[in-house]
Amino acid sequence: MLLAVVQKWHLIKLFTILNMLILAACSSAPPAQVADRDQPPTRKILIHTVAPNETLFSIAWRYGLDYRQLARHNGIGAPYTIYASQQLRLDISDASKRKPPPSIAKRSAAPKPPPETKTTSTAATRNANRAQSSAGRSENRTTSAQTSAPPSTIRGPISWQWPSRGNVIAGYSSSGGLNKGIDIGGKLGEPVVAAAGGHVVYAGSGLRGYGKLVIVKHNDTYLSAYAHNRALNVKEGQSVKAGQQIAELGSSGTDKEKLHFEIRRDGKPVNPLKYLPGR
């Protein structure tokens, strides 16, 4: 009899402990959801700090903006000169909703060269001051990233031509993919030519993922880009004609020898195959 009572007491104690554990588990907060690592949240960049050798055109190209809107938004007029360490506001779509913060607007303005010191000293001192001021302006030009405003050379419709003679190995992606143009296969050193006449507004390797890049401005609406070159045959500000060689095909910025070719209309990428002639 005593043994039955003890066993019954142990069973009651065991059930009591189990009930307490179940209630504690139910009252605890659910585990936090783990974010999808394959699709991290994107962060909108609002301010770009100009690096040496960048141009207004290359920055607009990088962010998919119209260079004219970017210039107006930051109070930059022709010839679109920008300076290293200058801060450019990129929130163009929000421009009509609010005015720029005074501190940002002030930093966006291009710094003025130091004024020439006025003095009533001797002519030798005045000449020294002028030489010092000129040297300061020269140094400022060296450390700044400048862009000229080349005139539009094409009037009316543009007659496009293929920038290289290889076959298309990767097409344009219209669904927000990484390929904003087409990839054309080829051999190392093959000529890359201008798809239409215009002016070179960027020639360098400052845009990550493009390697050695040339951007040509054809008119106020259209620009074209030629990426992954082995060597560049043109410089910024140079005029080029349709079919003129501007680079050598290469593999800079990629693991395969190819030409990456893009056309931008008002700053937005378009499918080059809709503009290039049929083969």
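Values as computed for the structure displayed
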| quantity | calculated |
| --- | --- |
| Test: residue in the stretch 234-245 that is surrounded by fewer than 19 Cβ atoms within 10 Å (Cβ to Cβ), among the hydroxyl-bearing types (Ser, Thr, Tyr), in a strand (DSSP E or B) and modelled with pLDDT of 95 or more | yes |
| Where a residue in the stretch 253-279 is assigned to a loop (DSSP other than H, G, I, E, B) and its partner, wherever it lies, is of a type in the set (Asp, Glu), with Cβ under 8 Å and at least six apart | Asp266/Asp66; Gly267/Asp66 |
| Residue match in the stretch 194-209 (condition: closer than 20 Å to Asn271 by Cβ, at pLDDT below 95 and not assigned by TED's automatic domain parsing to the domain that holds Ala51) | yes |
| Scan of the stretch 69-93 for residues that are part of a helix (DSSP H, G or I) and either more than 23 Å from Gly181 (Cβ to Cβ) or modelled with pLDDT of 90 or more (or both), ordered by number | Gln69, Leu70, Ala71, Arg72, His73, Ser93 |
| Residue satisfying all of: in the stretch 246-265; of a type in the set (Asp, Glu) and at pLDDT 95 or above; surrounded by the most Cβ atoms within 10 Å (Cβ to Cβ) among these | Glu262 |
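The values are calculated or read from the model by the stated rules, or taken from the named source; none is laboratory data. Note that this is a predicted model, so its numbers are computed, not measured. Glycine also receives a Cβ, built like all others from the backbone with ideal geometry; neighbour counts cover every protein chain displayed.
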